[in-house]
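Taking it in order: structure first as structure tokens, then the write-up.
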Amino acid sequence: MSYQSARIHISGIVQGVGFRPFVYNLAARLDLKGWVRNTSAGVDIEVDGERNVLDAFVQALSEEAPKLSHIDELTASFGPASGFRSFDIVHSASIESAFQPISPDVAICDDCLRELFDPSDRRYRYPFINCTNCGPRFTIIKDIPYDRPKTTMAGFQLCPNCEREYADPSNRRFHAQPVACPVCGPHVWLEIHNEQNTRDDNAIQKTRQLLAEGKIIAIKGLGGFHLACDATNADSVAELRKRKLRVDKPFALMMPDLAAIEEHCFVNDAERDLLQSTARPIVLLHLRPESKIVEEVVPGQNFIGVMLPYTPLHYLLLEEADGFPQALVMTSGNVSEEPIATDNDEARQRLTSLADAFLMHNRDIYIRCDDSVVRVFEKQIYPIRRSRGYAPFPVKLPWKVPPLLAAGSELKNTFCITNKNYAFLSHHIGDMENYETLKSFEQGVEHFERLFRVKPEGIAYDLHPNYLATRYALERAERENLPAVGVQHHHAHIAACMAEHGLDGSQPIIGVSFDGTGYGDDGAIWGGEFMIVDYKSYQRLFHLQYFPLPGGDASIKKPARTALALLWSLGIEWDERLAPVAEFNQEEQKLLHAQLEKKINTPMTSSMGRLFDAAAALAAVRQIVNYEGQAAIEFEALADPDEAGSYSFGLNQNEVEVRSGIESLIKDVKAGVHTSKISARFHNGLAEMIRMTVNKMNRETGIRSVALSGGVWQNLTLIGRTLSLLRSDGFTVYLHRQVPTNDGGLSLGQAVIAVSRLRG
Ligand code: ZN
Ligand code: ZN
Ligand code: FE
């Protein structure tokens, strides 16, 4: 056996996750000498030893790596020994232009949780306890390499006790950058009417008392402020809705533990795992009928968004006690659709009219990050909003790509930057309809480009000329003289689904993009699209038949209008017995009719989202919506799972015809058939229509793979029925599993299409 040196480079998520102490201890175990260090490209190691021991070391590096790490690549080369006499952790090296993935924020670990409630521990009840296995990451990091001076912890000088732990390789807090204690770290305080009321544990106890009394409190968390109140107090929840200007849209809840969640909701194994995962997302669960959560939390829905505490502060706030609410509403701290407030002064300004008091702290949030929202479908995660706990973890791409920026969509915006094999999807930016959200978008883009050392060589954008993200992309492309790649909305949806499944795009796929909106090549609003897709181009083989959308947005907010327009375009009379018709008096009907005849401000649409709106209105479920998708969500919630009947939809040259289906629906409504049956028949009919259309496309092209994307696919009833039909016909069907099926995943698709087009 020969005595040699091994030089090892590891990339992936290897910083801020206890990787160096792991290497140090492994080297000690195998009695190897050398060093380890962080660089901006990952972790470098050099060790001397017998070759067989070095091989065992390399193997153990990947096999025993810390739970939170994620190794993408490990390379080792061997040469003559360097003569090291000890093993050291040496200073981080900054490599120009090198980059690496950054860990998302991580929920408090079991060890820290135990110490938090251990009276003999020096961090007993300290709301910022953390270690190398847990705590804030993405939201406090200003730059790489990940070291304390480059985080918002830079201003807190370690006390001797913390310093000792930080420097001790055998300690769980060795090089834990956010490490802190009551002596040297951040603290909390309560403000009422802009005056400090109490601090530390007293502030937390006072907050609990106010919550129990029904008050609304702004609480600073990991990625921003929450507005909290007692979810079992109808008056408090109603008051919160009033102040937040939020009608009907569901609020998320936080409950102290799994037992509490199971008391209110049905939870299966996959949901339990997600609730307890280190990402701690909001999981959408079915509510138990006997639950005491008040209806004001989720009007008209049969599922509810719940999460477990994820910071030590949350655990202290939700500690169980007699008389303390078992569930808190924890909704983002903002007015209506503005970005979530993150900084103390900003919160004082923007949330004063919303909150009765503020639980503040002095650990700055560098980048805002909303809670993530997920569902479980067929025992696997089905993301609805990918943000805290997931961002900025990258999606791995099937090929190496140039540095690009994809600007994303208007609603539920995320952007995406690419480099090497990675697509870094941003945290949730929100609806780009106001100045604040645009600012937040611009700051986010700047931050990601710095963090991941990307200077975009091209920018992808949605074809909709009025999207703020599109305008940003075009202006910037012109300013920096970069190629700009316009991407059709539904092409991007399907490409996003293909990319996250690692498809290389050499085989085209059948894409079914069902969505609320999406600017089409002909200027119409597309959203019921059947396409043959590869990364470069698409062919639109079938689409939902066009119908008018009088007033555009006015119809989106009022499904009754959409229903009447649909009937008008199908030549079906406006019968007063139908709920949407009864919504309008004679005069209004006359005006609407004239608008349709003269096509005044009346875009045409093939949107499946709007067809759902019209169907829900005709079934008397909802005539006016207070948030996007409300009519469809409530219509789906009513569907009878045991109903086998269905409405039939036709197919002509290139269109899905809806007349026969809508006529049957109206017949059922007039005959007094129960809404649960009507809803089920509508869903079943759509699934059968998809089966028919996909089979027709297969006969024309021979393609046997199908990707489902677009916001309508948040409808699990439709997915369930469609999947079983397509699978029984032998199709391979791809669903979103890493990024949302709604516009939150769109930027990924834009990015891979731009890569493909720019390659020529
Ligand atoms: Zn910990
Ligand atoms: Zn300390
Ligand atoms: Fe979309």
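The values are calculated or read from the model by the stated rules, or taken from the named source; none is laboratory data. Every value quoted in this text rests on a predicted model; they were computed, and no experiment measured them. All Cβ positions, glycine included, derive from the backbone under ideal geometry; neighbour counts span all protein chains shown. Heavy atoms of the whole protein, side chains included, go into the accessibility calculation; ligands, DNA and RNA do not. Shrake-Rupley method; radii C 1.70, N 1.55, O 1.52, S 1.80 Å.
Things to note:
- Within the stretch 131-143, tally of residues that are in a loop (DSSP other than H, G, I, E, B) and within 15 Å of Ala279 (Cα to Cα): 3
- Number of the exception - Leu158 against (1) surrounded by 19 or more Cβ atoms within 10 Å (Cβ to Cβ); (2) modelled with pLDDT of 95 or more; (3) within 15 Å of ligand 2 (Cβ to nearest atom); (4) under 31 Å from the mean Cα position of the chain (by Cα): (4)
- Restricting the stretch 113-143 to residues that are buried (at least 24 other Cβ atoms within 10 Å of the Cβ) and of a type in the set (Phe, Trp, Tyr) leaves a set whose member that is farthest from ligand 3 (Cβ to nearest atom) is Tyr126.
A quick yes/no check of all residues on (1) touching a residue at least 24 places away in the same chain (Cβ under 8 Å); (2) more than 16 Å from ligand 1 (Cβ to nearest atom); (3) touching a His at 6+ places or on another chain (Cβ under 7 Å):
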| residue | (1), (2), (3) |
| --- | --- |
| Phe128 | yes, no, no |
| Asp143 | yes, yes, no |
| Arg148 | yes, yes, no |
| Glu163 | no, yes, no |
| Tyr166 | no, no, yes |
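- Selected residue (criterion: least open to solvent (accessible area, probe 1.4 Å)) from residues of the stretch 382-395 that are among the hydrophobic types (A, V, I, L, M, F, W, C) and either within 16 Å of ligand 2 (Cβ to nearest atom) or in contact with a Ser or Thr (Cβ under 9 Å, 6 or more places away or on another chain) (or both): Ala391
- Hits in the stretch 103-112 - residues which are more than 16 Å from ligand 2 (Cβ to nearest atom) and either open to solvent by 10 Å² or more (accessible area, probe 1.4 Å) or touching a strand residue (DSSP E or B) at 6+ places or on another chain (Cβ under 7 Å) (or both): Ser103, Pro104, Val106, Ala107, Ile108, Cys109, Asp110, Asp111
Results for (1) over 18 Å from Lys598 (Cβ atoms); (2) more than 37 Å from the chain's Cα centre (by Cα); (3) open to solvent by less than 40 Å² (accessible area, probe 1.4 Å), shown as yes or no for each residue.
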position	(1), (2), (3)
His543	yes, no, yes
Pro548	no, no, yes
Asp553	yes, no, no
Lys557	yes, no, no
Gly571	no, yes, no
Arg577	yes, yes, no
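- Residue in the stretch 270-282 that is open to solvent by 20 Å² or more (accessible area, probe 1.4 Å) and of a type in the set (Ser, Thr, Tyr) present: yes
- Glu319 meets the conditions (1) open to solvent by 10 Å² or more (accessible area, probe 1.4 Å); (2) in contact with a Lys or Arg (Cβ under 7 Å, 6 or more places away or on another chain) in every case but one. The failed one is (2).
- When residues of the stretch 679-712 are limited to those that are among the hydroxyl-bearing types (Ser, Thr, Tyr) and crowded, with 17+ Cβ neighbours inside 10 Å, the one farthest from ligand 1 (Cβ to nearest atom): Thr693
- Pro398 open to solvent by less than 10 Å² (accessible area, probe 1.4 Å) and outside any helix (DSSP H, G or I): no
- Only one of Asn413, Asn362 that is surrounded by fewer than 19 Cβ atoms within 10 Å (Cβ to Cβ) and either closer than 30 Å to Arg199 by Cβ or within 16 Å of ligand 3 (Cβ to nearest atom) (or both): Asn362
- Subset tally (residues that are within 18 Å of Ile71 (Cα to Cα) and in a strand (DSSP E or B)) for the stretch 7-47: 16
- Selection status of Ile71, outside the structural domain of Gly18 (by TED's automatic domain parsing), within 20 Å of Ile8 (Cα to Cα), in contact with a Ser or Thr (Cβ under 9 Å, 6 or more places away or on another chain) and surrounded by fewer than 19 Cβ atoms within 10 Å (Cβ to Cβ): no
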